[in-house]
Amino acid sequence: MNEMEQMLIGRCKNGDISAFEILISEHERKIYNIAFGIVGNTEDAKDIAQDALVKAFVHIKTFREESSFSTWIYRIVMNTGKDFLRKGKKNLSIEDTDYKAEIKDDRPGPLEKVEGMEKNKEIHEALMGLKEEYRNVVFLKDVQGFSYQEIAEILDINVGTVKSRISRGRYMLRDLLTQTKEL
Amino acid sequence: MNCEAIKALISSYIDHELTKEEKISFENHIKDCTDCYEEYLSILEVVGQVNSMEEQPLPEDFRSELKFRLEEQVKADKKRQRPSFQKLKFSKWTSIAAILLVGIVITAILGGPYSPFGKSSMNLSGSAPAGGDGQEFSVTRDEGAIRDGENALENSQEQFAGASEGSAPDQEESRESAHDQEKNLPSNMPNMQEKIIYSAHVTIQVNDLDKAFQNIINYTEDAGGFIQNSYTHNPQYNIYNNNSQTLREGYLYLRIPSEKFDDTLTSIGEMGNIIENQRNGENITTQYRDIQGEVKNLEVQEERILEIMKKAEKVEDILNIERELNRVRTEINQRKDTLKNWDQLVDYSSIEVSIREEKFSETNVRSEPFKELGSKIQRGFIQSINFIVAGVAKVMIFAARAIPFIIILILLFMIYRKWFREKLLKRINK
């Protein structure tokens, strides 16, 4: 929590929209991706991400300076995503996923591009096949790179639970991937 | 460590979340156990694969859409929060404050010592027993009763005590109320009125004797009265008199129309400091009526005697009758004189004024205003405290009576807030 963040948060508490936009600019991508990791398609991910951000803006008055802003916001995103799923708008059917991969410049050749995209789509589908609680921890750890502690804070669970879920989640994922390979 | 335990630690090992001891024992096992080693590798590969997943790009309209939604939210909040939040706070506390304030004002108006409703108005007295035994004065008695309860009581008492004697004791009492009420009634019924002789004796202290003297004379003449007697006394300055005060004195006996009696007394009182003040109201109504009655009787007698004289023939009889007639007539005249005298006394009240001159402002320090200052201050203070105490008591009573209404208001407010909160939550969670 640096000073810049603190100052911006202070402005946001007074209802300054521009300050909020600056504040979240370094987290936007991650937030969107987390949302995407939950639902697997752009439309819903956008909704979830935007819902979460608006909620964050409304509730920023209750944000205490001692906690980490990023964890706080990611938790809101996770919760928004969970609520979204619970409301029955399950868009997890694989046909609907419009998985896009960012195309880096150093990717050689179109063939590998396609291959890379294919691979990513495979993994993404496998992830979507996981149960929600396992998918979340694996996603946060391996896709987003959060620490066990951070994951515990975001999902509001014990570190021990995080450990066991990651372990089992990865096993399940491995099994799913080997299955598709065998097909 | 067995393979099962090791397999459970693979993920933690990959994530560098093992303790030093755990790490060492893990690596030792892995070295030797191919089964576990292969598991480790497959998990490592999965992790690698997931790691290689690229992040999704942010959709192009994400930021603009977000901005739009934030602005909408701010607008909605302003609309919802400001009026309702303020309205909620406003209604509860302001209504309570308003109730208490109104209560205080009302009790202050109705219950304070300075209120017009607090005065005990004893103007209306109970109706005295109408001594209706055929006498023509019963009407007078009733009128008197309505006006002054005391008067009526005395009248009836005298009536029962054989009022025809006509000797009523002097009644020395300040008949302030009687006099006031007499003034209030229309004086177009002279025969029906009470016959009261008002007199007063006032001693005042003035700065300037001559000025006061002249003032009184002027006032008396303006009021339509006259000075019956007057007297002044100027002591010679002598060497035995150390003070430079001249103890001059003056005295006036004035007759003033009875309607102006009170006003005159007040005016005289304002001319200086009142040292002595005595007022009398002698009620001679009964005697007056009695004498009037006697006169009537005698006149009837006179009539009869005249009748008899007409019929008389003998000189001796006529002489006797004339003697009788004279006697009766003398009696009548005597009584009529008495009545006339009384009339004059009643119509013109008498005021005796004794004036003493004191040049106090030059030689004496006027301590008048400070006399009894202590007790005056005390009285005023206590009066204010009493007022506050009474006011507080009344406010407390009023507040207690208002409590049921306040409870109802609070309940309504809480219900409204609950319902409102639910609405707000629904909106946020969409």
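Key figures
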| item | result |
| --- | --- |
| Filtered trypsin sites (Lys or Arg not before Pro), segment B:310-357: DSSP coil and at most 10 other beta carbons within 10 Å | B:314 |
| Average other protein chain Cβ within 10 Å of Cβ, residues B:9-15 | 5 |
| Rough spin-label spacing in nm, given labels placed 7 Å along Cα→Cβ, for residue A:82 and residue B:347 | 11.2 nm |
| Which listed pairs, of A:119/B:7; A:163/B:20; A:30/B:79, have C-alpha distances above 25 Å, in listed order | A:119/B:7; A:30/B:79 |
| Built amide H within the under 5 Å cut-off of residue B:248, gap 5+ | B:357 |
| FRET efficiency for residue A:13 and residue B:45, using Cβ-Cβ distance with R0 set to 35 Å, rounded to 0.05 | 0.15 |
| Chains A and B, summed buried accessible surface - 1.4 Å probe, Å², nearest 100 | 4300 Å² |
| Approximate spin-label separation residue B:207-residue B:274, in nm, with each point projected 7 Å along Cα-to-Cβ | 2.1 nm |
| Reduction of at least 30 Å² in accessible surface, 1.4 Å probe, comparing all protein chains with the chain by itself, residues of segment B:60-78 | B:62, B:63, B:65, B:66, B:67, B:69, B:70, B:73, B:74 |
| Peptides A:142-151, B:209-218 ordered by average Cβ neighbours within 10 Å, highest first | A:142-151, B:209-218 |
| Cβ neighbours within 10 Å from other chains - mean over B:43-49 | 6 |
| Average accessible area per residue (Å²) across segment B:239-354 - probe 1.4 Å, nucleic acids and ligands excluded | 60 Å² |
| FRET efficiency, residue B:231 to residue B:397 (Cβ-Cβ, R0 45 Å, nearest 0.05) | 0.10 |
| Ordering of A:69-76, B:282-289 by burial proxy (mean other Cβ atoms within 10 Å per residue, highest first) | B:282-289, A:69-76 |
| Sites residue B:423 and residue A:28 - FRET efficiency at Förster radius 41 Å, r taken between beta-carbons, to 0.05 | 0.85 |
| Nitroxide proxy distance, nm - points 7 Å out along Cα→Cβ at residue B:338 and residue A:71 | 12.0 nm |
| Average beta-carbon neighbours from other chains, 10 Å sphere, peptide A:164-174 | 5 |
| Interchain or long-range residues, amide H under 5 Å from residue B:198's placed H | B:282, B:350 |
| Percent carbon-and-sulfur accessible area, segment B:293-357, ignoring ligands, DNA and RNA, probe 1.4 Å | 47 percent |
| Net charge over other residues, Cβ less than 14 angstrom from the Cβ of residue A:10 (K, R count +1; D, E count -1) | 0 |
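The values are calculated or read from the model by the stated rules, or taken from the named source; none is laboratory data. What you are looking at is a predicted structure, and each value in this text was computed from that prediction instead of being measured. Here Cβ is always computed from backbone atoms with ideal geometry, including for glycine, and neighbour counts include all displayed protein chains. In case anyone asks, the SASA skips ligands and DNA or RNA and just uses the protein heavy atoms, side chains included. Shrake-Rupley method; radii C 1.70, N 1.55, O 1.52, S 1.80 Å.
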